[in-house]
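The structure appears right after this line, and notes come after that.
What follows is calculated from the coordinates using simple rules that are stated; it is not laboratory data. Everything numeric in this text was worked out from a predicted model, so none of it was measured. Cβ placement follows ideal geometry from the backbone for every residue including glycine, while neighbour counts extend to all protein chains displayed.
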Amino acid sequence: MSERKWTESDVGDQSGRIAIVTGSNTGLGYETARVLAAHGAHVVIAVRDTEKGKAAAARIAGEVPRADVAVQPLDLGSLQSVRTAAEELKSAYPRIDLLVNNAGVMYPPKQTTEDGFELQFGTNHLGHFALTGLLLEHLLPVENSRVVVVASLAHSIKAGIRFDDLQWEHGYNRVAAYGQSKLANLMFTYELQRRLATAGARTIAVAAHPGVSNTELTRHLPGSTLPGFSRLVGLATNSSYVGALATLRAATDPAVAGGQYYGPDGFHELWGHPVLVESSKQSHDVAVQERLWNVSEELTGVRFPV
């Protein structure tokens, strides 16, 4: 008999938990925020567009009686915005139970962040690296607190950490650049967990991926403007709701251990319900993890308390 599928009904009582979810006005982040709120957590929707954030909060309030949701301005493409958001969050919340690093961009034309970083690496990795480092002191004292990083199957597609050209100044491949950012997400998770464990911290770092999910991230895919594209994508992918289950399991399952990685149980992890999965061999290269950590500290100016 196969293992019973993990679903929203397995999310325990989250009352009293403070959960910050980046990029949660739509897609996977929205579903993550909604389910956490439905189970009693105070959820902070941390987003660049606060009007969209307020609309998402109102939608959650309409679906979830007595939902406790707040909105925090956060532009992960601006280190100044990240610092401001972190200070405001620490002022508002002396304790943080859960940080879900969910926001991201995928396959955009070549662009840079406010600080001059390639957009995907700067937003998906460096922005979340800085945010986590700045908030970590408010997670460390909290029993069973977690940092959950949303990765992707793309971490093994044309992926590598290009230390000689992290910002893609000499040519640009949007697929490889996205792969680099998602590989960086996983390497950051594993290195953070190693540091937390060495420090004997109460906090753990966990990663998750949604498989292939039908969200706004697909807007830069080839053919995305063609009639019927969204419907065809929807037929071949997880819904945002099912895709978010891996994140929710990583965030709430009491059996989850630091450094684990959760993804769908279907064909090649493309769709399905969350189970423990394995990332690429490359993602476990400790020497590269450490080098990436050091470079990320230099680029962001953020030092971690572990």
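Laid out as a table, the results:
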{"quantity": "Ordering of 142-150, 261-269, 164-172 by burial proxy (mean other Cβ atoms within 10 Å per residue, highest first)", "calculated": "142-150, 261-269, 164-172"}
{"quantity": "Kyte-Doolittle mean at least -1.0 and Cα axial length at least 15 Å: DSSP H helices in the chain", "calculated": "27-38, 50-63, 79-92, 174-198, 286-300"}
{"quantity": "Cα centroid separation, the range 84-150 to the range 155-199 (Å)", "calculated": "15"}
{"quantity": "Computed helical MRE - 222 nm, the chain, DSSP H runs ≥ 4 contributing -39500 (n - 2.57), nearest 500", "calculated": "-11000 deg cm²/dmol"}
{"quantity": "Gyration tensor (alpha-carbon) shape descriptor, the range 8-56, a/c threshold 1.5", "calculated": "prolate"}
{"quantity": "Shape metrics for the chain, restricted to C-alpha atoms - Rg then Dmax, Å", "calculated": "17.8, 54"}
{"quantity": "Cα Rg over Rh - the range 101-157, Kirkwood", "calculated": "1.05"}
{"quantity": "Highest to lowest packing among 73-82, 204-213, 289-298, scored as the average C-beta count within 10 Å", "calculated": "204-213, 73-82, 289-298"}
{"quantity": "Sequence-separation-based contact order of the chain, relative, with Cα cut under 8 Å and 6+ spacing, percent", "calculated": "18"}
